[in-house]
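Some notes on the structure that comes next.
The values are calculated or read from the model by the stated rules, or taken from the named source; none is laboratory data. The structure displayed is predicted, hence computed values, not measured ones. Positions of Cβ are backbone-derived with ideal geometry, glycine not excepted, and every protein chain shown enters the neighbour counts.
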Amino acid sequence: MKIVVQRVSKASVKVDNNVIGKINQGFVVLLGIKNNDTIKDADYLVKKLVNLRIFKDDEDKMNLSLFDVKGELLIISQFTLYGECKKSGNRPSFTDAAKPETAIPLYEYFVSECKKLIPIVETGSFGAHMEVELINDGPTTIIIDS
């Protein structure tokens, strides 16, 4: 399981030109789920995510977490995080990405665990074509792999 975390001042996600999720200061989280990922992977990443200290404190150091700044989450499923491009050719292979029957329950579990800890958690729509708009604050982007 892999997440790409972008610290944002605001973000939204649209499906068919309709905004389905919107946050203010917080994180946009792109979530990729691999074939052999488990609840243990999700638990690890949820803990890392909500405690990640990448918001600036009074001394301009990255030292504050989502809890400290009352940040929000926008979680977007993204199987393309497991696109493999090392082999010959230029078309990525997605064989490592979990199939929907495995990925959807893990995605839903990840979101539900985040909602237990963070008051505002918005999501995209699993498997849909989405348009994500964000203002990356910094820019600050962190990749965490379980």
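Hey, can you tell me all the residues within region 80-134 that are over 30 Å from Asp68 (Cα atoms) and among the polar types (S, T, N, Q)?
Thr80, Ser88, Asn90, Ser93, Thr95, Thr102, listed by residue number.
Among the residues in region 6-17, are any β-branched (Val, Ile, Thr), crowded, with 17+ Cβ neighbours inside 10 Å, in a loop (DSSP other than H, G, I, E, B) and modelled with pLDDT of 95 or more?
Taking region 6-17 as the starting set, the residues that turn out to be β-branched (Val, Ile, Thr) are 8, 13, 15.
Applying the additional criterion that residues be crowded, with 17+ Cβ neighbours inside 10 Å yields 8, 13.
Among the residues that remain, those that are also in a loop (DSSP other than H, G, I, E, B) are: none.
Within region 6-17 (the criterion being β-branched (Val, Ile, Thr), crowded, with 17+ Cβ neighbours inside 10 Å, in a loop (DSSP other than H, G, I, E, B) and modelled with pLDDT of 95 or more), the answer is no, since none of the residues qualifies.
Can you name the condition, by its number, that Glu131 falls short on among (1) surrounded by 14 or more Cβ atoms within 10 Å (Cβ to Cβ); (2) closer than 21 Å to Ile23 by Cβ; (3) at pLDDT 95 or above?
(1)
So which residues in region 34-76 are surrounded by 22 or more Cβ atoms within 10 Å (Cβ to Cβ), touching a strand residue (DSSP E or B) at 6+ places or on another chain (Cβ under 7 Å) and closer than 15 Å to Asp145 by Cα, if there are any at all?
Across region 34-76, the qualifying residues are Leu45, Leu49.
Identify the single condition in (1) touching a residue at least 12 places away in the same chain (Cβ under 8 Å); (2) under 18 Å from Met130 (Cα atoms); (3) out of contact with any helix residue (DSSP H, G or I) (no Cβ under 7 Å at 6 or more places or on another chain) that Asp68 does not satisfy, given that it satisfies every other one.
The failed condition is (2).
Residues that are under 18 Å from the mean Cα position of the chain (by Cα) and either of a type in the set (Lys, Arg) or over 17 Å from Ile23 (Cβ atoms) (or both): find the helices (runs of 4 or more DSSP H) completely inside region 38-128 holding 2 or more of those.
Working: elements: 39-51, 66-69, 100-117.
By residue number, 39-51, 100-117.
Can you tell me which residues in region 79-122 are under 19 Å from Ile142 (Cβ atoms), modelled with pLDDT of 95 or more and among the polar types (S, T, N, Q)?
Within region 79-122, none qualify.
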